[in-house]
Each structure stands twice: as C-alpha cells, then as structure tokens.
Amino acid sequence: MLKIAITGLPASGKSTVTKMFKSLGAEIIDADIICHSLFSPSETAYHEILNYFGKKCLNKNDTLNKDFLRHKLIFSPKDRKILENILHPKIYERIKKRIQELEKKGKIIIVEIPLLFEVGWEREFDFTIVVDADEDICIKRLISKGISEDEAKGLLSLHLSAEKKKEKADWVIENKSDLIYLYEQVKYVWQRLNRLTS
C-alpha cells in the first residue's frame with residue numbers, strides 16, 4: 001500500500017487532479033473536508049473555536065462563519081496560531097484513522113493536503129505530488145469564488161511559494177494547459193505508482 005500526498009497553492013487544481021486519481025482507482029482522503037467536518041457543533045473543535053472567539057464567529061443559525069475564520073487565518077497571526085493549534089492535530093488524527101480504514105481496500109491512497117509542507121506532514125507519506133499553476137491564475141480563480149483580491153493574495157501568502165513546493169515534491173503535475181494534458185500527467189504518475197505496488 002502506498003500513501004501519496006497531493007498539495008499545491010490554493011485554487012491550483014488539486015481537487016481536479018485528486019478526482020482524476022479517484023477515477024483511476026485510488027482511495028481518496030481530503031483534508032479540507034475533514035477540517036470542515038470539525039466545524040459541526042458535535043465536535044470539540046467547534047466549541048474550542050467558539051470559546052476563543054465568542055459568538056462573533058457564528059452565523060445566525062449558530063454554524064461557524066467560515067468567512068470570519070478565513071479572515072482571521074489570513075490577517076491575524078495570533079488567531080491563526082490558535083486555530084492551527086485547535087484544528088491541525090485533529091485533522092492529522094482523522095487522516096491517520098482514515099488511512100488505517102482504507103489500507104485493506106486499495107493499494108494506493110491519495111490524501112489531498114493544502115499545507116502539507118508547511119506543517120511538516122510530508123514525512124508521513126511515501127511520495128508527494130505538487131499541482132502547479134501560475135499564482136495569478138490561482139488568485140483569479142479564488143476571486144471568482146467570491147473571495148476578495150486581498151484575501152486571495154493573503155491565502156497564497158500562507159503557503160510556501162510554488163517553486164519551493166516543487167523542489168520538495170516527488171512529482172509535479174502542471175495545471176497550465178487543458179484537462180486532457182492534465183489527465184495525461186495524472187495517468188503517467190498513476191502508472192508509475194502501480195508499478196511500485198505490483
């Protein structure tokens with residue numbers, strides 16, 4: 001069984017690449033989905049975040065306000081550290097548990113982790129893949145999702161540069177052309193991984 005981590009800048013196309021690997025037969029874990037699951041009122045993290053920020057972090061229906069939290073992550077180093085201390089250990093444990101559950105199902109497990117290198121989790125994986133896209137394209141994609149330009153640039157600033165990510169990766173998948181070329185690269189890496197498991 002191989003454990004592979006996929007990372008890249010925000011809006012670089014990580015999820016598209018991950019879906020392509022899934023279509024080829026990989027088992028998938030998404031760190032962002034795990035993170036958002038921790039925002040449920042049934043989760044300890046929800047109450048830790050609420051206790052720290054107070055009710056100003058809630059929407060009218062008592063769900064956590066993701067726009068508020070994103071703003072704090074980007075623009076307040078102190079609040080970012082608190083949020084990371086609350087969320088990162090829990091995300092890490094959920095990922096480890098999910099990997100254990102999937103070990104018997106498939107030979108290749110792909111885990112999508114945006115801040116893989118920044119939090120030092122790459123040591124937990126057999127190989128790492130960076131999805132690379134131009135920073136200005138990533139910013140435009142984020143803005144198209146309703147995020148302000150300042151926040152989009154701020155989100156990218158939380159990451160290592162694309163060049164540094166690529167230096168650390170075992171494979172780089174370029175998302176700078178069309179989906180056909182993107183899929184060809186995914187298929188190439190998939191074939192290489194499968195040879196390692198056979």
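Throughout, read-outs are computed from the coordinates displayed, never taken from laboratory work. Source: prediction; values computed, not measured. Reconstructed Cβ throughout: ideal geometry from the backbone, glycine too, with neighbour counts over all protein chains shown.
Computed quantities for the displayed model
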{"read-out": "E122 vs. criteria of a type in the set (D, E) and touching a helix residue (DSSP H, G or I) at 6+ places or on another chain (Cβ under 8 Å)", "value": "yes"}
{"read-out": "Whichever residue in segment 117-138 is aliphatic (A, V, I, L, M) and crowded, with 20+ Cβ neighbours inside 10 Å and, among such residues, is farthest from Y188 (Cα to Cα)", "value": "A133"}
{"read-out": "Positions within segment 54-73 being without any contact (Cβ under 8 Å) to a residue 24 or more places away in the chain and either surrounded by fewer than 11 Cβ atoms within 10 Å (Cβ to Cβ) or part of a helix (DSSP H, G or I) (or both), in sequence order", "value": "G54, K55, K56, C57, K60, N61, D62, D67, F68, L69, K72"}
{"read-out": "Failed criterion for E163 (all others in (1) surrounded by 12 or more Cβ atoms within 10 Å (Cβ to Cβ); (2) more than 26 Å from F39 (Cα to Cα) hold)", "value": "(1)"}
{"read-out": "Residue that is surrounded by the most Cβ atoms within 10 Å (Cβ to Cβ), among those in segment 40-53 that are free of Cβ contacts under 8 Å to residues at least 12 places away in the same chain and assigned to a helix (DSSP H, G or I)", "value": "H47"}
{"read-out": "Listing of strands (runs of 3 or more DSSP E) fully contained in segment 85-198 that carry 2 or more residues being in contact (Cβ under 8 Å) with a residue 12 or more places away in the chain and touching a Gly at 6+ places or on another chain (Cβ under 7 Å)", "value": "127-132"}
{"read-out": "Flag for I110 being within 15 Å of the chain's Cα centre (by Cα) and either closer than 24 Å to K164 by Cα or among the small types (G, A, S) (or both)", "value": "yes"}
{"read-out": "Inter-residue pairs, beta-carbon under 6 Å, first at negative phi and buried (at least 19 other Cβ atoms within 10 Å of the Cβ) and in segment 16-36, second aromatic (F, W, Y) and in a helix (DSSP H, G or I), 6+ apart", "value": "M20/Y183"}
{"read-out": "Single residue of segment 85-118 satisfying the filter (out of contact with any Leu (no Cβ under 8 Å at 6 or more places or on another chain) and acidic (D, E)) that is nearest to T7 (Cα to Cα)", "value": "E112"}
{"read-out": "Hits in segment 21-39 (condition: more than 18 Å from H88 (Cα to Cα), out of contact with any Lys or Arg (no Cβ under 7 Å at 6 or more places or on another chain) and not in a helix (DSSP H, G or I))", "value": "G25, A26"}
